[in-house]
Every structure is written in structure tokens, then in C-alpha cells.
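Report on one structure; see the data block that follows.
Every read-out reported here was derived from the displayed coordinates using simple, explicitly stated rules and does not represent laboratory data. These numbers come from a predicted model, not from an experiment. Glycine also receives a Cβ, built like all others from the backbone with ideal geometry; neighbour counts cover every protein chain displayed.
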Amino acid sequence: MEKEDFLKLLPKLILEDNEVKGAIITTLSGVVATKDDIKQLIEHSNKRFEALQEQMDKRFEQMDKRFEQMDKRFEAIQEQMDKRFEAIQEQMDKRFEQMDKRFEAIQEQMDKRFEAMQEQMDKRFEAMQEQMDKRFEAQNKDIKYIKAAVGSLGRRSGKALENTILELLNDKLIKENINTSEITREYLYDKEGIVFWRGYESGIDIIMQNGKIILIEIKYHATKNKIEKFVRNSKLYAHQFNKSFDELVMICLEVKSSVLRVAKQFGVKIISGSIIN
């Protein structure tokens, strides 16, 4: 019988012939699992799964505990880090505060220095301005001196020249208590020629100061001859008006130092703009 034919006949024999069925079952009992075997296998598998699940649960519990411990550690580390950051922040705030105070102190010092520098600069500018004003004033006086000198070439004894000289020397005259507005002019005439010669005519300036009579001569340039003539005019004044005088003052823009000595010998006080050698 061929194999194919046997395989076609085998199902029929199993269903109809109990001996064949029993033989096959007996033969397969050592190879094919029975229901009990399967049940036992399932139970065994369930127990293993339960044990494995229990082990896994325990391990997960242990892992949870470890994670919990790690969380606590992280929290402790975080808390320490927060405290450190707070301490660092506090230190930085204090340092910045100190730096702010230092900057404020430096700023205050710089402000004071700038104020002092500004004050010094203002004083220097004021001093420079004052010097410049004095120089301009001196230049103006020099210009007036030149104008007076030029004018004196044509009118050496003119009233305009005398007024210019008095204006230029006004500051010095004020210090000498001489008020130029109070100066008056007296006419001199030597009728008999007692001091000069008969018929001599001239004039002399007079100022009353604290009850004293001061005779004044105004010249651009003081010389020995002018001083001598001034002294003779003062003698003519005393003779003509029968008055004594208290002081002789010559006002001039410039005088030589040698002429000052001559004036002192004659008892004449010199008020001059400048002394030249």
C-alpha cells in the first residue's frame, strides 16, 4: 500500500476502529501533551509569571525608593545651591553697594575738584580780565599821553592840555585829596618888576584844601627851569595878593629822577604819571 493511500484511509480507521484509535493514542501519549499536561503547564507558567511579576514589582518598588532618595538628594542639593546662590547674591549686592558708595565718593571728590578747578579758572580769568582792563586802561592813557604830547607841541600851556593831564592823573590826584573841580586860576602881574620884570604877566592855579592854600603848576614834562619859574611865580603870588601859601605842587605826566631831586631842594612836591631816567 502506498503512503498516500494509507493517509487517506487513516482517518476512517480512527473513527471506525477503536483498536487503531487506542494504538495511535498510546503511541502519541509520550509525544503529545494532554489536557492535564497543558493545564499543569499553564499553572506552572502562571506561577512563574506571578513570581516574575512579584520580583519586578519589588524591583520597581526599590527603584521608586531609589528615585525617591534621589529626589530627596536633588532637593537637598537644590536647597544647598539656592542657599549658596542667595549667599553669593547677598555678597554681590553688598559689593555692588560698596562699589556704588565708592563711585559716589569718587564722584563727589571729582565734583569738588571740578568746582575748585572752575573756581580757580574763574579767578584766573577774572585776574586776566583785570590785567587786560588795566593794560587797556594803560594803553588808553598812553594814547592820551601821545595826544597830549602832540597837542603840547602847538599849545604847551593850553587849557586843553592841562585838562587832559588832570584827567590822566585823576586817580593819583584823588589819593592826594586834590579835587580837580576845585582848582581855580589867578592872574599874576609884576607891575614893578619885583620878582621878574616890569609888566610880567602869567597865571597860577590855586586850590584850597582843609584851610590850606596850595599853588599848582600843570605841565606835560617837568624840568629844572619850569620848577624855578614855578617857584618865582609863587613868590609873585605872595607879593601881589599879600598872602602866604602852604604848599607847592607840580602835576606832570613825566619827570626825570634827577629833576625830582631839584624839586625837593626847592620844596616842590611832584605828582607825575611816570619817572624816567
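Annotations for the structure displayed:
- Highest-first arrangement of 247-259, 161-173, 98-110, where packing means the average Cβ count within 10 Å: 247-259, 161-173, 98-110
- Taking the number of Cβ atoms within 10 Å of each Cβ as an exposure proxy, the fewest-first ranking of 272, 202 is 202, 272.
- Residue pairs, from the table 191/243; 175/212; 191/229; 175/224; 229/269, whose Cα atoms sit over 24 Å apart: 175/224
- Within the shell defined by Cβ-Cβ distances under 12 Å, the residues around residue 215 carry a net charge of +1, with Lys and Arg each +1 and Asp and Glu each -1.
- Under a 5 Å amide H cut-off, with hydrogens placed 1.01 Å from N, residue 217 pairs with 249, 250, 251 among residues at least 5 apart or on other chains.
- For segment 175-250, the list of trypsin sites (Lys or Arg not before Pro) that fall in a loop by DSSP and count at most 11 other C-beta atoms within 10 angstrom reads 191, 198, 243.
- Structure note, pairs 112/134; 235/256; 123/256; 12/47: Cα-Cα distances above 30 angstrom occur for 112/134; 123/256; 12/47.
- Its Cα centre serving as origin, segment 147-277 has a Cβ charge dipole (Lys and Arg +1, Asp and Glu -1) of approximately 420 debye.
- For segment 158-276, averaging the sequence separation of C-alpha pairs within contact (under 8 Å, six or more residues apart) and dividing by the residue count gives a relative contact order of 23 percent.
- Seen from residue 268, the other residues with C-beta closer than 15 Å to its C-beta sum to a net charge of +4, counting Lys and Arg as +1 and Asp and Glu as -1.
- Other residues lying with their Cβ under 14 Å from the Cβ of residue 123 contribute a combined charge of -4, Lys and Arg counting +1, Asp and Glu -1.
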